[in-house]
1. How big is the dipole moment of the chain about its Cα centre under a simple scheme where the beta carbon of each Lys and Arg is +1, that of each Asp and Glu is -1, and everything else is neutral? Debye, nearest 20, please.
2. Mind checking the full-extension length gain between residue 3 and residue 230? Use 0.36 nm per residue of separation minus the Cα-Cα distance, one decimal, nm.
3. Skip the ligands, DNA and RNA, and give the accessible area per residue of segment 187-316 with a 1.4 Å probe, whole Å².
4. Could you give me the ³J(HN,Hα) list for segment 16-23, computed from phi with Karplus coefficients 6.51, -1.76, 1.60 and θ = phi - 60°, whole Hz, x at Gly and Pro?
5. Considering only protein heavy atoms and a probe of 1.4 Å, how much of the accessible area of the chain is carbon and sulfur, as a whole percent?
6. For labels at residue 395 and residue 150 in the simple 7 Å Cα→Cβ model, what's the distance in nm?
7. What's the local net charge at residue 284, with K and R +1, D and E -1, over the other residues with C-beta under 14 Å away?
8. Which of 166, 242, 20 sits farthest toward the positive end of the charge dipole of the chain, with +1 on the Cβ of Lys and Arg and -1 on the Cβ of Asp and Glu?
Amino acid sequence: MMADYAALVQPDRVHSAVFTSEDIYKDELEKIFYRYWVYVAHESEIPRPGDYCTKWIGEKQLIVSRAADGSIGIFFNRCRHRGAAVCMDEYGNANFFRCPYHGWTYNSAGDLVGVPYPSRYGEGFDKSTLGLARVPRVDTSAGFIFASMAPDGPPLAEHLGKAAGFLADFVKASPLGTVSLSAGTSKSAFWGNWKFVGMDGYHTNFTHKTVLDLRQRKAGASYNRGAGNSDKSANESWDLGNGHCRLDLTGRDKVAIGAASNTSIAAGIPDNADGHEYMRLMSEAYGDGAHEVIRRSRDVHIHVWPNLQLIGSQVRVIRPLAAGHTEVMSYPAMLDGVPDSINTERIRSFEWFSGVASFGTPDDTEVFERNQIGLRADYIPWLVLARGLTVAPQEDGSTVGNVTDEVPQRAQMKAWLRSMTSPEVS
Ligand code: FES
Ligand SMILES: [Fe+2]
């Protein structure tokens, strides 16, 4: 039975079932993940012709492949004969994918190019109609590859809207304007709902007590603990439209050689030969605006609805596995065209806050799992999302609240409700 979604998502509250119901999870796959634009991979994961990687949208495995002509195709990982997955490697380079079952062979553009013992098929057997099924719409923004399983609908640029500018900002910490997800993947899963992985400026001073303790120990008595994450802070929470949302923590960040990033989830610029060389390269690329370009890049803190987050140097990808089970793939984004040690620092900052064994993410995960436990105790089933509810949208449609407001949570629930109730992709 179809749930009454409008009754479950109200302006100031959301019903627990949105996070705990397996029926709703299955409907989310159909209505959101198998229709709307979803982040799939990054161009740097398949730089050369023949490169491929396997990824997932929901429960459907995909092959993201760079064809001989350089174009990107995304195929369902399913042999057109009797359905076996044709590729099991996470990454590779190949001219052909050969199915292990009966040897049907596809090229990197997905065409069926070989069928063993073809004489036993009749006249009407047409290989050209039996290529790997293609995800109908594929597009990129700043090197991020998105796919939509709906043949028609708004283009990616329209879906991203104001979020696109932040994707562009993120990659500009490189003087070449490109990043590579080449430093490995931090893989994890937790027993909680995928929608908990959001943008939340209210939890920092509580969930991340360990991080604050460590920062305080390092900075000493002068440290203004938690100042950036209170109702008095100048930091902001943003609804960018279409479910995209962000935190603006830039009030505290100043870019200078030798100074740590105040947001502490991005690397600073070291006061050494590599740090000075990096600034020289950035000034060459961006002129007088180089400091501002770096600040904007490392302060990107955005959720691109439904499944991509860019935070500091981190690219985080969220995949629902069940109502109460979520996979998170997290990548430190390496800057192209910079001295190695600059990227090493980015990996260190990633390890410090974002990796599975960091000081930050494990505390988030602990809370997400407690959330799932709590939401099942649903005698009173409502979650309250009323912080900053009175903030009015600006002229350009963005809503901007205090950093602790639940502007991002409401933005996502609004997009969720629209997707779940709309007969068309809109
Ligand atoms: S299932 Fe792939 S060749 Fe038979
Ligand atoms: Fe957190």
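The values are calculated or read from the model by the stated rules, or taken from the named source; none is laboratory data. These numbers were taken from a predicted model, which means no experiment stands behind them. Cβ coordinates were reconstructed from backbone atoms using ideal geometry, including for glycine residues, and neighbour counts include every protein chain displayed. Each accessible area value is taken on the protein alone, full model and side chains, heavy atoms only, with ligands, DNA and RNA left out. Shrake-Rupley method; radii C 1.70, N 1.55, O 1.52, S 1.80 Å.
1. Here the size comes out at about 600 debye.
2. Extra length available between residue 3 and residue 230 comes to 78.1 nm.
3. Dividing the accessible area of segment 187-316 by its residue count gives 41 Å².
4. Values, residue by residue: 3, 4, 4, 10, 10, 7, 5, 5 Hz.
5. Looking at the chain in its full context, I get 53 percent from C and S.
6. 3.1 nm
7. 0
8. So the residue furthest toward the plus end is 20.
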